[in-house]
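The values are calculated or read from the model by the stated rules, or taken from the named source; none is laboratory data. The structure displayed is predicted, hence computed values, not measured ones. When we count neighbours, we look across all protein chains shown, and the Cβ atoms used for this are built from the backbone with ideal geometry, even at glycine. SASA here: full protein model, heavy atoms, side chains in, ligands and nucleic acids out. Shrake-Rupley method; radii C 1.70, N 1.55, O 1.52, S 1.80 Å.
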Amino acid sequence: MESMLTKLAPAATRLGVRRMSSLGPEVDVLLKDKAYVNGAWIGAASGKTFQVTNPMNSQVITSVPDMNAADVSLAVDAANDAFQTWRGTTAKYRSDLLRKWFNLCVANHEGLAKLLTAEQGKPLAESRGELVYGSSYIEWFSEECRRIYGEVAQSPVASKEMMFIRQPIGVVGMITPWNFPNAMITRKVAAALAAGCTCVVKPAEDTPLSALALGVLAEEAGIPAGVVNVITSSRQHTAEVGKVLCESPKVAGISFTGSTKVGKILYRQSANTIKRLGLELGGNAAFIVFDSANLDLAVQGCMASKFRNAGQTCVSTNRVLVQESVVEEFIGKLKAAMDNLVLGDGMKDGVSQGPIINKSQFDKICEMVQEARGQGAEIVVGGEPHKSAGELFYKPTILTNVTESMSLYREEIFGPVVSIKTFKTEEEALALANDSRVGLASYFYSENISQCFRVAKKLETGMVGINEGAISAAEAAFGGIKESGLGREGSSHGLDEYTNIKYMCFGNL
Ligand code: SIN
């Protein structure tokens, strides 16, 4: 009998190396140049492909199918067929398969992390962190799966019994971003599968390889054909693919992580078929430092929430609001901490900040900082590209004298730029923080317990970090309010998006 150790050995040792890349054998077995539909690895019907490049050096890693609307319809059909069987499986069966998938992700941790750094650019230590985080969603939902309970209500009439059961909604279209190429997929797919749904995943065009690698391991775990489908499309076809997923009557729900702008388009496109929507959209997180704060902890939290993934995170601190009396001290400590950041190739030891994902994101950061400077913002440190590290590197930056009219104050910077504005009173800080149409995350630092409760309740965001800059976990209910989205991912609530409540009334008893 195959030993447990053999079962869990990295795919590289079990399957042998299929193709050689410069990334190493543990990556080669996960590296795919085909999409995964109905349990088969296929190209686009047109035969077209697009290149996936490493943002560190623009080198081509591989090419993947450039799928269009017709290809996606086939994937939706496959997911719909698979749903007819998958919906009837037991929770125990689905839980066991999810656990196998999780074990394979753990066994292939290093290969997945290296592949992620190669296509996304984040430092290997962060990719490893994302892998632990991403895999934890599969583990979590393998456990939650068996706790999808119904209810029996107290009937007002003796001759009736009223029951509610939770059933899977059906096929889910998932559109995922490039900033967390693994975790944003696992927290959707694992929840959907646990609930009994099937899915069609469309990863971001910048980072499709981590998604395909998850497909490799899902197949190896024995998840039946058609239950997980991963399709790849270039920027040119992304909009039409999204439209098919939103408009198809065979797709019951859409789960999207990305910008508010695209979220609104998907929301509109889904109206005709009244889809279930899970939208995790942009944020504009305020990070408030009160004069009662422990400033060392506040700096630590700011570093964690601002410089994770070079600031390319929806929950990244975007506006740092500091009480006037402590601003000089806070900036001094923050600058000292930022001096320790090392920019470079994420594959190298000691690197703590990689490149920005692509030219258009990079240009956006440059333009926002330029605009802020033009309007009177002052640069304490950074404020320009870091060309010696590579074409897409931006220096860790602190800007002061930031005002509400600047676009980097009103919109997500998605880069390593700390913009600082001062305030005088708690009321003023709250008014500034809440003056935004989005409400994903916010953070504040205070050693005053009354202030902690007061401010936490008044902040208009779906998530609040109180003396904490790292809030994400599979156990946590992740999601926003206002234009930051709909629904929650992770926690037991992460299953809500994928289940319908059916009310059954038994009469004449
Ligand atoms: C995101 O940036 O969209 C997700 C970040 C997280 O899960 O912590």
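Summary of computed values
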item: Filtered trypsin sites (Lys or Arg not before Pro), the stretch 390-432: DSSP coil and at most 13 other beta carbons within 10 Å; result: K424
item: Cα gyration tensor shape of the chain, rounded if a/c is under 1.5, else prolate or oblate by comparing a/b with b/c; result: oblate
item: Rounded tilt (10° steps) of 327-338 against the dominant C-alpha axis of the chain; result: 60 degrees
item: The stretch 122-231: chymotrypsin sites (Phe, Trp or Tyr not before Pro) falling in loop per DSSP and having at most 11 other Cβ within 10 Å; result: Y149
item: Unsatisfied cross-links (Cα-Cα over 23 Å) in the set K34/K264; K202/K275; K202/K243; result: K34/K264
item: J(HN,Hα) series, the stretch 265-276, from Karplus relation 6.51 cos²θ - 1.76 cosθ + 1.60, nearest Hz, glycine and proline x; result: 5, 5, 4, 4, 5, 8, 4, 5, 9, 6, 6, 6
item: Selected from L98, P65, A79, residue furthest toward positive end of dipole (the chain; charges at beta carbon); result: A79
item: Surface accessible to a 1.4 Å probe, T273 within the full protein complex, Å²; result: 50 Å²
item: Alpha carbon Rg of the stretch 379-481, scaled by the compact-globule rule 2.2 N^0.38 Å; result: 1.23
item: Amide H contacts under 5 Å for G465, placed H, 5+ residues apart; result: S442, Y443, F444
item: On Cα atoms only, tilt of 449-458 relative to the major axis of the chain in degrees; result: 60 degrees
item: Relative contact order for the stretch 118-277, counting Cα pairs under 8 Å that sit 6 or more residues apart, in percent; result: 23 percent
item: Inter-centroid distance (Cα atoms) of the stretch 232-290 relative to the stretch 322-383, Å; result: 29 Å
item: Segments 350-359, 229-238, 450-459 sorted - mean Cβ within 10 Å per residue, highest first; result: 229-238, 350-359, 450-459
item: Relative contact order (%) - criterion: Cα under 8 Å, at least six apart; region: the chain; result: 17 percent
item: Convex hull of Cα atoms in the stretch 285-473, direction-averaged projection (nm²); result: 10.2 nm²
item: In degrees, nearest ten, helix 183-195 long axis to first principal axis of the chain (Cα); result: 30 degrees
item: Where N is the number of residues in the stretch 119-220, Cα Rg divided by 2.2 N^0.38 Å; result: 1.42
item: Solvent-accessible heavy-atom area per residue, rounded to whole Å², over the chain at 1.4 Å; result: 40 Å²
